[in-house]
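Worksheet for the structure shown next.
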Amino acid sequence: ESLFHSRDRSDLEPSPLRQAKPIADLHAAQRFLSRYGWSGVWAAWGPSPEGPPETPKGAALAEAVRRFQRANALPASGELDAATLAAMNRPRCGVPDMRPPPPSAPPSPPGPPPRARSRR
Amino acid sequence: SPRAPLSLSRRGWQPRGYPDGGAAQAFSKRTLSWRLLGEALSSQLSVADQRRIVALAFRMWSEVTPLDFREDLAAPGAAVDIKLGFGRGRHLGCPRAFDGSGQEFAHAWRLGDIHFDDDEHFTPPTSDTGISLLKVAVHEIGHVLGLPHTYRTGSIMQPNYIPQEPAFELDWSDRKAIQKLYGSCEGSFDTAFDWIRKERNQYGEVMVRFSTYFFRNSWYWLYENRNNRTRYGDPIQILTGWPGIPTHNIDAFVHIWTWKRDERYFFQGNQYWRYDSDKDQALTEDEQGKSYPKLISEGFPGIPSPLDTAFYDRRQKLIYFFKESLVFAFDVNRNRVLNSYPKRITEVFPAVIPQNHPFRNIDSAYYSYAYNSIFFFKGNAYWKVVNDKDKQQNSWLPANGLFPKKFISEKWFDVCDVHISTLNM
């Protein structure tokens with residue numbers, strides 16, 4: 001059950017503090033691109049992220065914006081225009097969009113391939 | 001948050017699973033357990049609604065994969081494969097805080113857990129407002145199973161929530177993506193057949209249409225040949241869809257269809273049932289008042305029981321009954337087995353490639369109106385019988401020859417079992 005502190009349950013209305021902050025400026029857009037994997041820097045996605053995620057700047061930012069625009073069927077201008085910001089503000093899943101680069105770990109020892117890959 | 005996420009965190013409930021790029025790509029077992037955490041339920045939907053919606057979301061994936069999903073309320077938390085919970089802001093010991101109402105509504109850990117942002121307005125699938133919990137749950141389960149985001153139109157794995165009509169389904173790309181990880185559904189069938197029905201079109205003309213059905217154990221699927229997939233929401237229990245016939249392990253179906261006769265029979269054990277197409281139920285008695293089911297040996301003299309399978313050949317007006325390595329050709333006009341029968345199946349239906357033949361104990365034989373061909377099923381394989389068109393193109397093919405075997409799952413897609421607990425969803 002939800003807890004209500006007002007007898008008339010007026011606190012059922014979501015508090016402004018609980019509203020997600022809209023992405024409206026360059027800094028927020030940079031964070032968005034980084035968080036969802038568009039900046040080329042893999043978004044922190046582990047139990048103990050160390051420090052804030054790296055944010056794209058300059059040419060890297062424009063390229064990240066272009067990638068995001070292309071995926072969202074927007075003109076790939078690299079500019080943070082209104083349509084791009086609107087796309088960033090659409091409700092979305094929190095899992096990053098882009099796959100990370102392959103791990104640089106040494107190759108695994110020879111053995112049977114994973115079941116799921118070898119099944120068919 | 002009033003949900004005391006810290007207490008969960010202290011209990012050591014940390015996200016399991018792999019960030020993308022981690023080791024495992026897919027679960028290595030076929031039955032996965034899930035639990036909606038009692039200490040992290042939605043504040044907006046009833047517990048029953050939440051469980052029902054999540055169970056349906058799991059079932060939707062099991063309809064297209066060889067995976068089964070089972071709600072587990074008893075096992076220790078660590079033994080449950082997929083745990084789901086609602087939380088706000090910093091939640092459930094998760095390092096990824098939610099952002100409040102709007103934007104991020106859920107996230108999931110591959111091969112791990114699913115978190116929903118309880119600041120969002122989640123609604124049941126019948127609602128046309130808010131964010132459909134079913135749709136979000138299906139999406140997040142896709143992540144847990146190993147699928148990344150895609151921007152392909154129609155895919156449930158698009159990162160953004162797209163408000164659409166309440167009904168949605170996994171599309172072709174979702175099915176193929178998950179089957180790359182877990183393979184396709186394989187399995188044998190007790191019987192398969194095309195069900196003929198007559199409908200009037202807009203001009204009042206009678207049109208003959210057909211639907212393909214697959215029966216396995218106590219379940220059946222309707223196969224949409226046009227879309228090359230099963231009907232959404234199948235399998236269904238035989239008990240529900242075919243009143244009056246045995247509820248499981250049907251041996252054969254035969255539709256005797258001539259200018260004078262239009263009779264449909266189901267066979268099981270040493271008995272057979274006649275099915276009334278108009279009333280959509282098995283007949284309890286015949287025109288003479290004799291009750292169904294009847295003995296196969298009475299209605300079809302000379303035919304052994306139990307049968308492996310049977311089908312009706314309209315051109316020859318013969319029913320072919322199969323039993324072990326033998327086939328019996330039954331003349332429906334004279335109501336007796338042809339003199340030269342029984343014969344070996346290999347004699348009547350010879351292999352086009354030597355030794356590539358089911359030989360005996362066929363699971364099902366059926367005439368497909370979609371392919372104008374007879375098919376034999378055994379295990380997870382099928383053999384197509386040479387038809388007139390094949391003979392015209394390659395005159396050397398033997399009459400009624402069997403083309404080499406292929407996998408059923410390569411021709412009829414996604415005929416998948418679901419966990420029995422979700423059968424009636």
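The values are calculated or read from the model by the stated rules, or taken from the named source; none is laboratory data. Quick caveat: nothing in here was measured; it's all calculated off a predicted structure. When we count neighbours, we look across all protein chains shown, and the Cβ atoms used for this are built from the backbone with ideal geometry, even at glycine.
For this structure, a couple of remarks:
- Filter result (free of Cβ contacts under 8 Å to residues at least 24 places away in the same chain, under 18 Å from B:VAL64 (Cα atoms) and charged (D, E, K, R)) within the stretch B:144-171: B:ASP171
- Within the stretch B:62-98, considering residues that are aliphatic (A, V, I, L, M) and assigned to a helix (DSSP H, G or I), the one nearest to A:ALA20 (Cα to Cα): B:ALA78
- Flag if B:ASP234 is within 27 Å of B:HIS139 (Cβ to Cβ) and surrounded by 19 or more Cβ atoms within 10 Å (Cβ to Cβ): yes
- Of all residues in the stretch B:372-405, those satisfying the criterion of being charged (D, E, K, R) and over 19 Å from the mean Cα position of the chain (by Cα) are B:LYS384, B:ASP388, B:LYS389, B:ASP390, B:LYS391, B:LYS405.
- Answer residue from the stretch B:122-133, given it is surrounded by fewer than 23 Cβ atoms within 10 Å (Cβ to Cβ) and in contact with a helix residue (DSSP H, G or I) (Cβ under 7 Å, 6 or more places away or on another chain) and is modelled with the lowest pLDDT among those: B:PRO125
- Of everything in the stretch B:155-198 that is of a type in the set (Asp, Glu) and away from chain A (no Cβ under 12 Å), the residue that is farthest from B:LEU307 (Cα to Cα) is B:GLU165.
- Taking the listed residues B:ASP174, B:ASP194, the one that is surrounded by 17 or more Cβ atoms within 10 Å (Cβ to Cβ), part of a helix (DSSP H, G or I) and either more than 20 Å from the chain's Cα centre (by Cα) or in contact (Cβ under 8 Å) with a residue 24 or more places away in the chain (or both) is B:ASP174, with no other qualifying.
- Matching entry among B:LEU318, B:LEU307 (being of a type in the set (A, V, I, L, M, F, W, C) and under 27 Å from the mean Cα position of the chain (by Cα)): B:LEU307
- Check on B:GLY93, touching a residue at least 12 places away in the same chain (Cβ under 8 Å), of a type in the set (Gly, Ala, Ser), under 30 Å from A:ALA86 (Cβ atoms) and within 11 Å of chain A (Cβ to nearest Cβ): no
- Selection within the stretch A:42-68 - surrounded by fewer than 17 Cβ atoms within 10 Å (Cβ to Cβ) and modelled with pLDDT under 90: A:GLY46, A:PRO47, A:SER48, A:PRO49, A:GLU50, A:GLY51, A:PRO52, A:GLU54, A:LYS57, A:GLY58, A:ALA59, A:ALA60
- Residue within the stretch B:126-137 that is touching a residue at least 40 places away in the same chain (Cβ under 8 Å), in a loop (DSSP other than H, G, I, E, B) and at the interface with chain A (Cβ under 10 Å from one of its Cβ atoms) present: no
- Condition met for B:ASP234 (part of a strand (DSSP E or B) and out of contact with any Lys or Arg (no Cβ under 6 Å at 6 or more places or on another chain)): no
- Unmet requirement for B:HIS115, which otherwise passes all of (1) assigned to a loop (DSSP other than H, G, I, E, B); (2) at pLDDT 95 or above; (3) farther than 29 Å from B:SER184 by Cβ: (1)
Residues checked against (1) at positive phi; (2) buried (at least 19 other Cβ atoms within 10 Å of the Cβ); (3) of a type outside the set (S, T, N, Q):
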position: B:VAL327; (1), (2), (3): no, yes, yes
position: B:ASN333; (1), (2), (3): no, no, no
position: B:THR346; (1), (2), (3): no, no, no
position: B:TYR369; (1), (2), (3): no, no, yes
position: B:PHE375; (1), (2), (3): no, yes, yes
position: B:LYS405; (1), (2), (3): no, yes, yes
position: B:ASP414; (1), (2), (3): yes, yes, yes
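- Residue check for B:LYS260: farther than 29 Å from B:LYS323 by Cα and either surrounded by fewer than 22 Cβ atoms within 10 Å (Cβ to Cβ) or at pLDDT 95 or above (or both): no
- Which numbered condition A:ARG117 fails, given (1) surrounded by fewer than 18 Cβ atoms within 10 Å (Cβ to Cβ); (2) modelled with pLDDT under 90; (3) within 17 Å of the chain's Cα centre (by Cα): (3)
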